[in-house]
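Asker: Quick one: the structure is below, and I'll ask about it shortly.
The values are calculated or read from the model by the stated rules, or taken from the named source; none is laboratory data. What you are looking at is a predicted structure, and each value in this text was computed from that prediction instead of being measured. When we count neighbours, we look across all protein chains shown, and the Cβ atoms used for this are built from the backbone with ideal geometry, even at glycine. Protein only, heavy atoms only, side chains kept; ligands, DNA and RNA dropped before computing areas. Shrake-Rupley method; radii C 1.70, N 1.55, O 1.52, S 1.80 Å.
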Amino acid sequence: MGKYQYTDKCANIYGGHKDREPICRKMVIAGVEFLDEHPNVHDGGESLRKVLVAASGGGFRECMGTLLLVSTIHARRAAKNGWSAYIREREQLGEERRKERD
């Protein structure tokens, strides 16, 4: 298991199809790892985009723009605030969404 893990309590990142959630999470983790290793990269996000596309495995071309946008936002947030804080935020949101459904 890697350094970055989601828990079962975390809210979904991708609000659309559930089959895209694992790919989105994989992209976020790859993005955070990249940002950890390259904290001073200043190329307008091009390097991060390449990492995220590679992490996606090239799947879901019809929604790749949305996956890139969502995973970029989440990767940057997690890198900025720290993984633990990011996961706490996702778990809290997951709990709120479960209460709304019940």
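Asker: Within the stretch 51-63, restricting attention to residues that are more than 13 Å from Ala30 (Cα to Cα) and surrounded by 15 or more Cβ atoms within 10 Å (Cβ to Cβ), which residue is modelled with the highest pLDDT?
Answerer: Initial filter on the stretch 51-63 (more than 13 Å from Ala30 (Cα to Cα)): 58-63.
Retained after the next criterion (residues that are surrounded by 15 or more Cβ atoms within 10 Å (Cβ to Cβ)): 60, 63.
On the way: Phe60: 62, Cys63: 68.
Top of the filtered list is Cys63.
Asker: Go through the stretch 64-79 and give me each residue that's small (Gly, Ala, Ser) and open to solvent by less than 10 Å² (accessible area, probe 1.4 Å).
Answerer: Ser71, Ala75, Ala78
Asker: Is one or more of the residues making up the stretch 89-96 surrounded by 15 or more Cβ atoms within 10 Å (Cβ to Cβ) and touching a helix residue (DSSP H, G or I) at 6+ places or on another chain (Cβ under 6 Å)?
Answerer: No - not one qualifying residue is present in the stretch 89-96.
Asker: Continuing with the same structure: Looking at Leu68, is it modelled with pLDDT of 90 or more and either over 20 Å from Lys3 (Cβ atoms) or charged (D, E, K, R) (or both)? Don't jump to the end; show me each part of the working.
Answerer: Details: modelled with pLDDT of 90 or more: no; either over 20 Å from Lys3 (Cβ atoms) or charged (D, E, K, R) (or both): yes.
For Leu68, the condition - modelled with pLDDT of 90 or more and either over 20 Å from Lys3 (Cβ atoms) or charged (D, E, K, R) (or both) - is not met.
Asker: Does Arg101 satisfy the condition of being out of contact with any Leu (no Cβ under 9 Å at 6 or more places or on another chain), open to solvent by 30 Å² or more (accessible area, probe 1.4 Å), without any contact (Cβ under 8 Å) to a residue 12 or more places away in the chain and not hydroxyl-bearing (Ser, Thr, Tyr)?
Answerer: Yes, satisfied.
Asker: While we're looking at this one, here's another question. Looking at His42, His74, which one is in contact (Cβ under 8 Å) with a residue 12 or more places away in the chain and either closer than 15 Å to Cys10 by Cβ or over 16 Å from the mean Cα position of the chain (by Cα) (or both)?
Answerer: Criteria check complete, one pass: His74.
Asker: Also, I was wondering about something else. What single numbered condition from (1) at pLDDT 90 or above; (2) in contact with a helix residue (DSSP H, G or I) (Cβ under 8 Å, 6 or more places away or on another chain); (3) not polar (S, T, N, Q) fails to hold for Gly16?
Answerer: (1)
Asker: Counting only residues that are surrounded by fewer than 17 Cβ atoms within 10 Å (Cβ to Cβ), β-branched (Val, Ile, Thr) and within 17 Å of Arg97 (Cβ to Cβ), how many does the stretch 2-44 have?
Answerer: The total comes to 1.
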